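A.B. asks: Pasting in a structure now, in structure tokens, and then I'll have a few things to ask.
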Amino acid sequence: MRKRMLAGFAVAGTLALALAGCSTSTDGGEGDGGAEPAAGGDDVITVGFAQTGSESGWRSANTESMKAAFSEENGFELVFNAADNDPAAQIQAVRSFINQGVDAIVIAPIVEDGWEDVLQEAKDAEIPVILEDRTITASEDLYETWVGLDFKKEGETAGQWAAETFTEPTKMVVLEGTTGSAPANDRAEGFDSAIEGSPIEKIDSQTGDFTRDGGKSVMEGFLSKYGVDGIDLVYAHNDDMALGAIDAIEAAGAVPGEDIKIISIDAVHDGMQALADIVECNPLLGEKAAELVKAVVAGETVEKRTIVEDEAFDQEAAKAALPDRKY
Ligand code: AHR
């Protein structure tokens with residue numbers, strides 16, 4: 001039920017890896033933006049959540065965090081959509097939320113560009129929009145607030161580790177995240193600035209779309225083009241692509257972390273088990289996002305940006321943290 005009260009609109013041991021780290025619901029499922037919100041009482045806040053998809057372990061943890069926070073017990077009716085990493089499908093899901101007349105819309109934007117029109121439509125319909133995880137290039141006037149991570153700093157942390165570790169000429173390939181996404185853009189920029197002046201040479205860079213299969217197939221291409229001896233280092237924008245690269249390196253008869261070093265970002269459980277020194281990208285954004293939605297719907301003024309701090313783990317700290325790791 002619509003309640004319109006808007007007033008104030010806010011990584012190197014054996015394996016030598018750096019990991020810089022990154023819904024109760026009416027579940028619309030992958031690509032289903034058309035689910036109807038269940039009828040709720042006057043106090044229930046109906047929220048449409050446009051998730052990117054289910055591309056990574058990080059994303060699964062983020063979805064779980066959102067679903068847990070936007071529960072019935074917490075006063076929400078959640079209409080969930082995962083767009084399978086398709087920007088057009090995600091915009092369509094947001095339009096569907098507008099047509100359904102939800103109380104608020106939360107978006108984890110797949111890409112940074114192209115949001116102006118649909119956000120203006122939400123604004124015209126007086127439905128507040130809250131961004132979580134990734135940022136966009138559209139004017140801040142078109143959304144209430146954003147909660148997420150400092151992707152540039154994650155890239156810088158991974159780059160600083162690389163610059164300190166590789167003091168001899170080093171040939172690096174990059175597995176980029178989804179083209180046009182904020183984490184792919186910012187992690188590239190942060191890393192590149194941190195390795196400036198170092199002997200690390202970027203010989204190739206392609207997108208693996210943040211997926212394990214994508215990372216594996218791009219790495220197979222790099223290995224066939226440059227050979228095992230032609231690549232010293234892989235920088236992967238997330239764990240899933242790093243894990244795919246490990247599969248490809250092993251299939252080529254080489255030893256990941258010895259013959260070819262790997263730096264990655266996220267610090268999800270599988271990544272931490274396979275990898276060594278870690279900088280995290282925290283996916284547990286649900287609670288803060290739910291708090292912001294409640295405040296915005298109540299007409300309170302909120303901060304325009306909330307950055308959730310990431311942790312860094314060396315090998316020993318990663319081993320100690322694994323048993324209690326929540327994602
Ligand atoms: O936006 C956060 C990034 O999205 C995570 O680092 C990656 O695993 C996910 O797909």
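A.B. asks: I'd like the full set of residues that are part of a loop (DSSP other than H, G, I, E, B) and surrounded by 18 or more Cβ atoms within 10 Å (Cβ to Cβ), limited to segment 158-189.
C.D. replies: Step one: filter segment 158-189 for residues part of a loop (DSSP other than H, G, I, E, B), giving 166-169, 177-181.
166, 177, 178, 181, listed by residue number.
A.B. asks: Is it true that residue 230 is over 24 Å from the mean Cα position of the chain (by Cα), on the phi < 0 side of the Ramachandran plot and surrounded by fewer than 18 Cβ atoms within 10 Å (Cβ to Cβ)?
C.D. replies: The answer is yes for residue 230.
A.B. asks: Please verify whether residue 257 is surrounded by fewer than 23 Cβ atoms within 10 Å (Cβ to Cβ) and more than 22 Å from residue 325 (Cβ to Cβ), treating the condition exactly as stated.
C.D. replies: Spelling it out, it is not the case that residue 257 is surrounded by fewer than 23 Cβ atoms within 10 Å (Cβ to Cβ) and more than 22 Å from residue 325 (Cβ to Cβ).
A.B. asks: All but one of (1) of a type in the set (S, T, N, Q); (2) within 16 Å of the ligand (Cβ to nearest atom); (3) assigned by TED's automatic domain parsing to the domain that holds residue 257 hold for residue 137; which doesn't?
C.D. replies: (3)
A.B. asks: Of the numbered conditions (1) modelled with pLDDT of 95 or more; (2) more than 16 Å from the ligand (Cβ to nearest atom), residue 161 fails exactly one; give the number of that condition.
C.D. replies: Checking residue 161 against (1) modelled with pLDDT of 95 or more; (2) more than 16 Å from the ligand (Cβ to nearest atom), the one that fails is (1).
A.B. asks: Taking only segment 283-325 into account, find how many residues are more than 16 Å from the ligand (Cβ to nearest atom), at pLDDT 95 or above and open to solvent by less than 60 Å² (accessible area, probe 1.4 Å).
C.D. replies: 10
A.B. asks: Could you tell me which residue of segment 74-108 is most open to solvent (accessible area, probe 1.4 Å), considering only residues that are more than 12 Å from residue 290 (Cα to Cα), part of a loop (DSSP other than H, G, I, E, B) and not polar (S, T, N, Q)?
C.D. replies: Among those that are more than 12 Å from residue 290 (Cα to Cα), part of a loop (DSSP other than H, G, I, E, B) and not polar (S, T, N, Q), it is 84.
A.B. asks: Additional query: Any chance segment 273-282 includes a residue that's modelled with pLDDT of 90 or more and either within 21 Å of the chain's Cα centre (by Cα) or open to solvent by 10 Å² or more (accessible area, probe 1.4 Å) (or both)?
C.D. replies: Residues of segment 273-282 modelled with pLDDT of 90 or more: none.
No, the conditions are met nowhere in segment 273-282.
A.B. asks: Now for a different question. Write out, first by first residue and then by second, each pair whose Cβ atoms fall under 6 Å of each other, whose residues are 6+ apart or on separate chains, and whose first residue, in segment 126-147, is assigned to a strand (DSSP E or B) while the second is among the polar types (S, T, N, Q).
C.D. replies: Listed by first residue and then by second, the contacts come to 130/145; 147/306.
A.B. asks: Can you tell me which residues in segment 49-73 are of a type in the set (A, V, I, L, M) and either within 13 Å of the chain's Cα centre (by Cα) or surrounded by 24 or more Cβ atoms within 10 Å (Cβ to Cβ) (or both)? Spell out the reasoning first.
C.D. replies: Narrowing segment 49-73 to residues of a type in the set (A, V, I, L, M): 50, 61, 66, 68-69.
Residues satisfying the conditions are 50, 61, 66.
A.B. asks: Can I ask one more? Which one of the conditions (1) open to solvent by less than 10 Å² (accessible area, probe 1.4 Å); (2) within 16 Å of the ligand (Cβ to nearest atom); (3) of a type in the set (S, T, N, Q) does residue 207 fail to meet, given that it meets all the rest?
C.D. replies: Failed condition: (1).
A.B. asks: Looking at residue 217, is it over 19 Å from the mean Cα position of the chain (by Cα) and closer than 16 Å to residue 158 by Cβ?
C.D. replies: Numbers: over 19 Å from the mean Cα position of the chain (by Cα): yes; closer than 16 Å to residue 158 by Cβ: no.
Considered against the rule, which asks whether it is over 19 Å from the mean Cα position of the chain (by Cα) and closer than 16 Å to residue 158 by Cβ, residue 217 comes out as no.
A.B. asks: Can you tell me how many residues within segment 109-125 are more than 17 Å from residue 180 (Cβ to Cβ), open to solvent by 30 Å² or more (accessible area, probe 1.4 Å) and either aromatic (Phe, Trp, Tyr) or in a helix (DSSP H, G or I) (or both)?
C.D. replies: 4
A.B. asks: I would also like to ask the following. So, residue 197, is that one in the same structural domain as residue 262 (by TED's automatic domain parsing), at positive phi, more than 16 Å from the ligand (Cβ to nearest atom) and open to solvent by 10 Å² or more (accessible area, probe 1.4 Å) or not? Before the answer, list the steps.
C.D. replies: Details: in the same structural domain as residue 262 (by TED's automatic domain parsing): yes; at positive phi: yes; more than 16 Å from the ligand (Cβ to nearest atom): yes; open to solvent by 10 Å² or more (accessible area, probe 1.4 Å): yes.
So residue 197 fits the description; yes.
A.B. asks: A further question follows. Quick one: which residue in 151, 166, 191 is out of contact with any strand residue (DSSP E or B) (no Cβ under 8 Å at 6 or more places or on another chain) and not aliphatic (A, V, I, L, M)? Steps first, answer last, please.
C.D. replies: On the way: 166 fails: out of contact with any strand residue (DSSP E or B) (no Cβ under 8 Å at 6 or more places or on another chain); 191 fails: out of contact with any strand residue (DSSP E or B) (no Cβ under 8 Å at 6 or more places or on another chain).
None of the other options fit; the residue is 151.
A.B. asks: Residue 192 versus (1) surrounded by fewer than 16 Cβ atoms within 10 Å (Cβ to Cβ); (2) in a helix (DSSP H, G or I); (3) more than 16 Å from the ligand (Cβ to nearest atom): which is the lone unmet condition?
C.D. replies: If we test residue 192 against (1) surrounded by fewer than 16 Cβ atoms within 10 Å (Cβ to Cβ); (2) in a helix (DSSP H, G or I); (3) more than 16 Å from the ligand (Cβ to nearest atom), just (1) comes out false.
The values are calculated or read from the model by the stated rules, or taken from the named source; none is laboratory data. Just so it is clear, the model here is predicted, and its values are computed rather than measured. With ideal geometry, Cβ positions are generated from the backbone for all residues, glycine too; neighbour counts draw on all protein chains shown. Protein only, heavy atoms only, side chains kept; ligands, DNA and RNA dropped before computing areas. Shrake-Rupley method; radii C 1.70, N 1.55, O 1.52, S 1.80 Å.
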